[in-house]
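Take a look at the structure set out below.
The values are calculated or read from the model by the stated rules, or taken from the named source; none is laboratory data. Everything numeric in this text was worked out from a predicted model, so none of it was measured. Ideal geometry is used to build each Cβ from the backbone, glycine not excepted, and the neighbour counts take in all protein chains shown.
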Amino acid sequence: MDDNASNSSYRGLSAIPMIYFQQMVLDRSMEPSEWFEMAPTLGLDATEIHDQSLRSREQGYLEEIAEQVRANGLQVSQLIGAADLTNPDREARRAELERTYRNIDAAAILGGTCLRMTAGQEHPGLSHAEGVDLAVDGIKRALKYAEGKGVLLAYENHWKDYFWSRPDFSQRSTVFLQVLEGLRDTPLRVNFDCSNQVVAGEDPVGLLEQVRDRVVHVHCSDRLEVGKYPHAVTGEGVVDYPAIFRLLKEIGYDSWLSIEYGGEEGLDGLKRSIANVRRLWANA
């Protein structure tokens, strides 16, 4: 971390390479190693890795990826997964859990601080009570599998995963908090996304107040408008970053700040997002 961040307690700056999502995840024309080489030149201390960007789950391949990360002076702040644990189909849920178990194993080999967890999609015909029960049961099973592997599970109320056809079941803060309450006596942590509630027309600061003791990873994203998906450069949109960062400092947050920018300004937008997060944290 550089001198400009020396007055902070956070662990370092990370990023999701969303500007290269097409190349890294969809058409796989860009190898993860290319991003690992670029990230330190942007002033990043760590990177997130999307599970769909991994070409294999073989141990040798994952060890090679881990070595590429270390060789570039980086750490893995989080492996990004998106489990559909609310799927009403039993076999589909079993497959999602198996994928989650593989992600936990991969995160352990990669040295990831945590694995991003989701509840699942808002499936037609799924009652509120049934969805909460399925999400709680699935996450409990994942937590049991993760025991002793050195990987935390970080639950996020996502907006809508790219590979899903429907929104996140727990996008609304009331549902998210219900699922968390059902997992109160577990080691489950939270990946707090600073703009997901803005997309839902809600207040992210109010939600952060309620999950403050469980946050282990923060997605520093921003939006152009309330209730709309498109990303703004972080710190240049509608999210109240001074209030969020003041609260994080108040609770002694000491883990990763990870920039999530996937807007139209590409690499320049990511660079500005990184600079803005560093400045806003220092001034909070």
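For the stretch 232-277, a residue qualifies if it is hydrophobic (A, V, I, L, M, F, W, C), under 22 Å from Ile49 (Cα atoms) and in a helix (DSSP H, G or I), and the qualifying residues are Leu267, Leu270, Ile274, Ala275, Val277. Restricted to the stretch 33-59, and to residues there that are assigned to a loop (DSSP other than H, G, I, E, B) and of a type outside the set (A, V, I, L, M, F, W, C), the residue that is farthest from Leu153 (Cα to Cα) is Gly43. Among the residues of the stretch 153-189, those identified as under 25 Å from Gly201 (Cα atoms), among the basic types (Lys, Arg) and part of a loop (DSSP other than H, G, I, E, B) are Lys160, Arg166, Arg172. As a summary of the residue check, Asp137 satisfies the conditions (1) modelled with pLDDT of 95 or more; (2) part of a loop (DSSP other than H, G, I, E, B) except for the one numbered (2). For the stretch 159-174, the criterion of being in contact with a helix residue (DSSP H, G or I) (Cβ under 8 Å, 6 or more places away or on another chain), among the aromatic types (Phe, Trp, Tyr), under 13 Å from Leu208 (Cα atoms) and crowded, with 17+ Cβ neighbours inside 10 Å is met by none of the residues.
Of the residues Leu62, Leu115, which single one is within 18 Å of Val215 (Cα to Cα), touching a Ser or Thr at 6+ places or on another chain (Cβ under 9 Å) and either in a helix (DSSP H, G or I) or of a type outside the set (Val, Ile, Thr) (or both)? Break it down into steps so the answer makes sense when it comes.
Details: Leu62 fails: within 18 Å of Val215 (Cα to Cα).
Criteria check complete, one pass: Leu115.
Applying the set (1) closer than 23 Å to Ala129 by Cα; (2) free of Cβ contacts under 8 Å to residues at least 60 places away in the same chain; (3) among the hydroxyl-bearing types (Ser, Thr, Tyr) to Tyr61 leaves exactly one unmet item: (1).
Being of a type outside the set (Lys, Arg) and touching a Ser or Thr at 6+ places or on another chain (Cβ under 8 Å) is the filter here; which residues of the stretch 219-235 pass it?
Selection gives His219, Cys220, Ser221, Asp222, His231, Val233, Thr234, Gly235.
Being surrounded by 14 or more Cβ atoms within 10 Å (Cβ to Cβ) and in a loop (DSSP other than H, G, I, E, B) is a property that Asn103 lacks. Each residue in the stretch 73-84 was checked for being more than 17 Å from the chain's Cα centre (by Cα) and either at pLDDT below 95 or farther than 17 Å from Leu54 by Cβ (or both), and 1 of them qualify. Screening Gly150 with (1) at negative phi; (2) assigned to a loop (DSSP other than H, G, I, E, B) gives one miss only, at (1).
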